Each structure stands twice: as structure tokens, then as C-alpha cells.
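One structure follows; several queries about it will come next.
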Amino acid sequence: MRRYFVIFLTAVLIFITYLTNFFIHKKKEAGENLLLKQENQELRAQIQKVSVVAEDVELASKTAKRLPAVVFSVYPFNIKSEVTISLGEEDAIKDGGEVTLGDNILVGEVSQVFRRESAVKTIFDSSFEMPVRVGEKSANGLLQGGNEPKVILVEKNKDVQIGDLIYSADARFSYGLKIGEVNEIRELKTGAFKELTVKTPFNVSELRRVLVRISD
Amino acid sequence: MWGFIGAALVVAAASFWQSFGWLLWGVNPNLVLVSLITTSFFLRERWSFLFLAALAGLILKFSPSGREELIIIFLLGIGLAVLKNYLPWNNLLGVLVLIFLGTLIFYLFFGPRLIFSVVFGKEIFLNLALGLLFFALLGGVWQNKK
């Protein structure tokens, strides 16, 4: 009798897990310290942006419509970096939508849309790539995502300093969104490029609320 | 009965920990795989083990879709639990070998490029260390030796 009960329960669990949309929301509460830290990072990003983004471009970015979303869960393996958020088709979310922390820090892009939720691929995903610019002199580079994101293909003759702002220069996203700051500069012995490691203003595990850009 | 409850608690706790994305040493150890492989050495009834594998999948489910990763973890857990019956070594060595094999297979499916990365190395180390810990914990409940 007990065995049949266990078999029945197992079948129910398998049905719920693989054949329904139900999943346990693992949203975490944001402590005061975390909120203050994120506010601080947002203000810092705003100040840094002033020196690199023209006023008219900044105005266009500010008027973009963004909806707040709660982070429901985090992809639990090391293979990729994804979070599930509380907005979906019903909220007019589209694939490729820009997701930010505050108005000025890029988190990633919407990779899959469900009825009431969406999956967001973050900049920490190893398959995430986008053109970026670095510092006030706007040196071009390519951001490669991963546990430790880095910027590659930065021309050796471009002046880049530790602490310089790394910001988005990809048509998919608002121009000038902060990715992070230069943490380390690696001069490659061969080739015409150098590599930068990125100090990011947030960790995926710290995400509680994000903003999703709605199509204009 | 108490043995099964102990195993269920270990698997459930491991699944919840992993699903919240709490990092150890900057990576997510595959606690679900480790806990399933370890408990398979202590549970005699295969339906009890299947129930735990299904429970882990539900707790771990991170989005509305039934993702491939969860299916592979479920199948890996079952496959390795069957394989353990053919291992010639003692239980502890068997646990460690299967954890290594399970982690490698998972990466081969979903992240073959990452196998040569620091992330994979860290995860293997943590999975093996946690496997030892779970084995010691469950061994205290069952005192089961080959």
C-alpha cells in the first residue's frame, strides 16, 4: 500500500515539474544594507554617465518606459546566468527587452517570455556579448560575459585607466548604461589589443527588483 | 522510516539551497546531484529514491518551462543510482566516482566549453567535498557499509 502511495506521489511530482507552469517562487527580501548599496551604485552610475553620454542621448534614455519587476528565482547551475522575473506576455514584455538595475545599470536582456514571467540572460552569462565603450576617451571593446566578465579587443594605443567606466554601445540597449568599471588591464604580448577585467556594480544573487524596458 | 525522512530532508535542503543561488567560493555546487547520488547508496527501495529525485526537480524548478537541465538531473540521478550496483569499490569511493562522473556528464550536455574553465574545477572540488560531508551525515543515520 505504502509503495503504491509513493509511486502515485512520484507521478504527481513529475507531472507538476515537467508538464505544468507551476514553480516555487524563491524571491528574497532586500535588506536595508542591500537597498542602500544599490542606491549608491545607481547614483554613482548616474554621475559617471554625465561625462560620457551627450545630453540629448541621455534624455532619450530617461524617457524610455520601464516597468518594475520582482526577481522570482535564479538559474541554479554554473552553466549560465539567468533570472526569472515577474513580468511576461501579459505585460507586453518582448524577447530582447533591456533589463536594468535602476535607470543606469545594465543587468541583461529578456531571453524567454512566458505568460506572466520572463527569463533574463544577465551579463554574467558566458554567451553574453555586446560592444561597449570605455572611459571618457570612448575606447571601443567587446564585453564577454561569464563569472568574471571581461572586455576584449581594446586597441593597445587607447588610453584606459583602472576605474574607468565601461558602458553599453550596442543598438539593442540604451546607450551609456553602466556595465562596470575597469578592474585590471592586461596587455597581451601578441596582437594589437589589450584585455580588461570588469568590476561589476552588482551580483546576480543580490538582484531583487529590476526594471524592464517596454517597446516605445 | 526515519532513514527515508533523513534522506528526504537532506535532498530537500540541498535543493532549496541550490535554488536560492547561494554561492560557495564564487560558484554553485551541484547540491542536488550530490545529494541524490549519496542518498542512493543508503536507500534500498528504488521507488523511494525516485520520489526524492522528483521532489528535487520540483524544488529546483526555476521558471515556468520544464527545462532540459531538470530532466537531465533527474535521469542522471536515476542512471547513476543504477550504475552504483555494478561498482567494485566500497561505498565511499563509489560516491566520489559517481559525483565526478555526474558532474562531467552534466557539463558535457550543457556547457562543454566550460569543462576547461576554473568554474568546472571549483565545482568538481566542491561537489566531491560536499559528497563526503553528506556521506558522513547519512552514514551516521544508517551505518551502512558494503
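From the residues in the stretch B:77-132 that are more than 14 Å from chain A (Cβ to nearest Cβ) and not in a helix (DSSP H, G or I), which one is farthest from residue B:24 (Cα to Cα)?
Residue satisfying both the conditions and the ranking: B:88.
Quick test for you: out of B:93, B:104, pick the one residue that is modelled with pLDDT of 95 or more, surrounded by fewer than 21 Cβ atoms within 10 Å (Cβ to Cβ) and out of contact with any Ser or Thr (no Cβ under 9 Å at 6 or more places or on another chain).
B:104
Of all residues being within 10 Å of another protein chain (Cβ to nearest Cβ) and at pLDDT 90 or above in the stretch B:1-18, which is nearest to the chain's Cα centre (by Cα)? Just the residue, please.
Residue satisfying both the conditions and the ranking: B:15.
From the list B:75, B:87, which residue is modelled with pLDDT of 90 or more and open to solvent by 20 Å² or more (accessible area, probe 1.4 Å)?
B:75
Of the numbered conditions (1) out of contact with any Ser or Thr (no Cβ under 6 Å at 6 or more places or on another chain); (2) crowded, with 21+ Cβ neighbours inside 10 Å; (3) among the hydrophobic types (A, V, I, L, M, F, W, C), residue A:92 satisfies every one except a single condition; which is it?
Here residue A:92 meets the rest and fails (2).
Testing residue A:108 on (1) buried (at least 22 other Cβ atoms within 10 Å of the Cβ); (2) without any contact (Cβ under 8 Å) to a residue 12 or more places away in the chain, one condition comes back false. Which one is that?
Just one mismatch for residue A:108, condition (2).
Out of curiosity, is residue B:70 touching a Ser or Thr at 6+ places or on another chain (Cβ under 9 Å) and either open to solvent by 80 Å² or more (accessible area, probe 1.4 Å) or within 13 Å of chain A (Cβ to nearest Cβ) (or both)?
yes
Is at least one residue of the stretch A:115-127 more than 18 Å from residue A:50 (Cβ to Cβ), in contact (Cβ under 8 Å) with a residue 12 or more places away in the chain and away from chain B (no Cβ under 14 Å)?
Yes, there is a match, as at least one residue in the stretch A:115-127 is more than 18 Å from residue A:50 (Cβ to Cβ), in contact (Cβ under 8 Å) with a residue 12 or more places away in the chain and away from chain B (no Cβ under 14 Å).
Among (1) farther than 22 Å from residue B:96 by Cα; (2) at the interface with chain A (Cβ under 10 Å from one of its Cβ atoms); (3) of a type in the set (Phe, Trp, Tyr), there is one condition residue B:49 misses while meeting the rest; what is its number?
Residue B:49 satisfies all of (1) farther than 22 Å from residue B:96 by Cα; (2) at the interface with chain A (Cβ under 10 Å from one of its Cβ atoms); (3) of a type in the set (Phe, Trp, Tyr) except (1).
Looking at (1) more than 14 Å from every other protein chain (Cβ to nearest Cβ); (2) without any contact (Cβ under 8 Å) to a residue 60 or more places away in the chain, which one does residue B:138 not meet, given that it meets all the others?
The failed condition is (2).
Being of a type outside the set (A, V, I, L, M, F, W, C), over 30 Å from residue A:27 (Cβ atoms) and modelled with pLDDT of 95 or more: is that true of residue A:197 here?
yes
So which strands (runs of 3 or more DSSP E) are wholly in the stretch A:134-216 and hold at least 2 residues that are open to solvent by less than 70 Å² (accessible area, probe 1.4 Å) and within 23 Å of residue A:36 (Cβ to Cβ)?
Counting at least 2 such residues, we get A:178-187, A:209-213.
Now a separate question. With the structure loaded, tell me whether residue B:55 is facing another protein chain (nearest Cβ under 8 Å) and either within 12 Å of the chain's Cα centre (by Cα) or under 22 Å from residue A:6 (Cα atoms) (or both) or whether it fails that test.
yes
Sticking with this structure for a sec: Consider only pairs whose beta carbons are under 8 Å apart and that are at least six residues apart or on different chains; among these, list those whose first residue lies in the stretch A:183-206 and is without any contact (Cβ under 8 Å) to a residue 60 or more places away in the chain and whose second residue is in a loop (DSSP other than H, G, I, E, B) and open to solvent by less than 50 Å² (accessible area, probe 1.4 Å).
A:185/A:160; A:194/A:160; A:197/A:149; A:198/A:149
The values are calculated or read from the model by the stated rules, or taken from the named source; none is laboratory data. Nothing here was measured: the structure is a model prediction, and the numbers come from that model. Using ideal geometry, Cβ is built from the backbone for each residue, glycine included, and neighbour counts are taken over all protein chains shown. Side chains included, ligands, DNA and RNA excluded: accessible areas come from the protein's heavy atoms. Shrake-Rupley method; radii C 1.70, N 1.55, O 1.52, S 1.80 Å.
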